[in-house]
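Working notes, beginning with the structure itself.
What follows is calculated from the coordinates using simple rules that are stated; it is not laboratory data. Here the structure is a predicted model, which is why all the values come from computation and not from measurement. Positions of Cβ are generated from backbone atoms using ideal geometry, with glycine treated the same way; all protein chains shown enter the neighbour counts.
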Amino acid sequence: MADPAAYAALSEHSRGRRHPEPAPAGRSEFQRDRDRIIHSTAFRRLEYKTQVFVNHEGDLFRTRLTHSLEVAQIGRAIARSLGLDQDLVEAIALAHDLGHTPFGHTGQDALNACMQDYGGFEHNLQSLRVVDTLEERYAEFDGLNLTFETREGILKHCSLPHAQQLGEIGERFLHKQQPSLEAQVANLADEIAYNNHDVDDGLRSELIELDQLSQVTVFARHLSEVKQRYPVLSGRRVIHETVRRMINTLITDLVAQSTKNISFANPRSIDDVRRAQPLIGFSGAIRTEQHELKQFLRTQLYQHYRVNRMSGKARRIIKALFDAFMQDPKLLPPQYQDKARQDQARAIADYIAGMTDRYAMKEYRHLFSVEEL
Ligand code: MG
């Protein structure tokens, strides 16, 4: 394999773990992080957490798990082309959504509203909390004890008051610095993944139609390429051929533009990267197209009445669970009752955030239906 670039995150120069551990044998520090994430409980729960569609709505829609795998794949491809550390990008990608509540963004908004008087709830911060504190797998420490670089990548954004409480991991928000290029890649790989798979899932669900999407520049451009090359092709293959071309265009553009940005800024170390402007990015033309696609998805898919209908239910479930546990913490499982004695609202938020969609629905029935025990 080619040597990593000077501006890459180097495993042997990692800023280390909060609890020092001997160097791993036969794998790098970032590979060890990736392995710990895959073996975590929170990672397995991603299988039953909503991306856009609730898990029971269909077997073929993306879940948080398959979304995270797609982010990792796209991230590795970009990292490979730029001479970055692929394992670090993969670790960040696989962990980036660990803190998501059940029911996607609606769940997060509902829990945040419940937590207004108790410090709020933010899924990105919760992802860090999962790997730093909530996973219970090791005798000697809470959490997964990941490297600084993986943790820095997981914390994409953060308010200044939170940053002040987070020690070294919060510093970059106070000093307005960037994370590693690997973290920047994982962040944009997330965007490439969801924009494209939401097109695919949106069409599959029939909430959006091919005709509507043909009004969106980036889709129309790639669709006409497919139609020219395969004039008689129809059905799902047309969509797959179009979507995979869109992903390819985005990756190629991102690599080309980022290569330019990097050679202009000429960082010689990860610390130069941290002090520079963000160096991973799309060209202006692609940014404009992506903006149009996002707008389309927002109005036509994420705010579709059938999605709204499920969101309404999700909001009511989260609020009802939170209120019931706040009123009577004895309804919590014993290990959360212990935690609730220290900080009741946060313990409840941790419990609810950890739930899968179907676990939350089951818990709701247990608490509110007289037929269920
Ligand atoms: Mg994501």
Inset, instruction - Please identify the pairs in which a residue from region 56-68 that is more than 22 Å from ILE192 (Cα to Cα) has its Cβ atom under 8 Å from the Cβ atom of a residue that is hydrophobic (A, V, I, L, M, F, W, C) and more than 15 Å from the ligand (Cβ to nearest atom), counting only partners at least 6 apart or on another chain. - result: GLU57/MET310
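What residue, of ALA42, ALA72, is within 16 Å of the ligand (Cβ to nearest atom) and closer than 12 Å to ALA189 by Cβ?
ALA72 is the lone residue from the list that is within 16 Å of the ligand (Cβ to nearest atom) and closer than 12 Å to ALA189 by Cβ.
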Inset, instruction - Would you mention how many residues in region 144-162 are in contact (Cβ under 8 Å) with a residue 60 or more places away in the chain and either surrounded by fewer than 20 Cβ atoms within 10 Å (Cβ to Cβ) or of a type outside the set (A, V, I, L, M) (or both)? - result: 7
Inset, instruction - Only one of these is surrounded by 14 or more Cβ atoms within 10 Å (Cβ to Cβ) and under 24 Å from ASP190 (Cα atoms): ALA276, ALA265. Name it. - result: ALA276
Legend entry - Candidate set: region 115-129, residues that are within 13 Å of the chain's Cα centre (by Cα) and either outside any loop (DSSP other than H, G, I, E, B) or hydrophobic (A, V, I, L, M, F, W, C) (or both); chosen: the one nearest to GLN303 (Cα to Cα): HIS123
Inset, instruction - Please determine, by comparing only the residues of region 97-114 that are assigned to a loop (DSSP other than H, G, I, E, B) and within 16 Å of LEU134 (Cβ to Cβ), which one is farthest from the ligand (Cβ to nearest atom). - result: PRO102
Inset, instruction - Quick one: in region 45-69, of everything that is away from the ligand (no atom under 15 Å from the Cβ) and among the aliphatic types (A, V, I, L, M), which residue is surrounded by the most Cβ atoms within 10 Å (Cβ to Cβ)? - result: VAL54
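Residue-by-condition table, conditions (1) more than 19 Å from the chain's Cα centre (by Cα); (2) part of a helix (DSSP H, G or I):
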residue: VAL131; (1), (2): no, yes
residue: GLU152; (1), (2): no, yes
residue: PRO161; (1), (2): yes, yes
residue: GLN177; (1), (2): yes, no
residue: VAL185; (1), (2): no, yes
residue: LEU188; (1), (2): no, yes
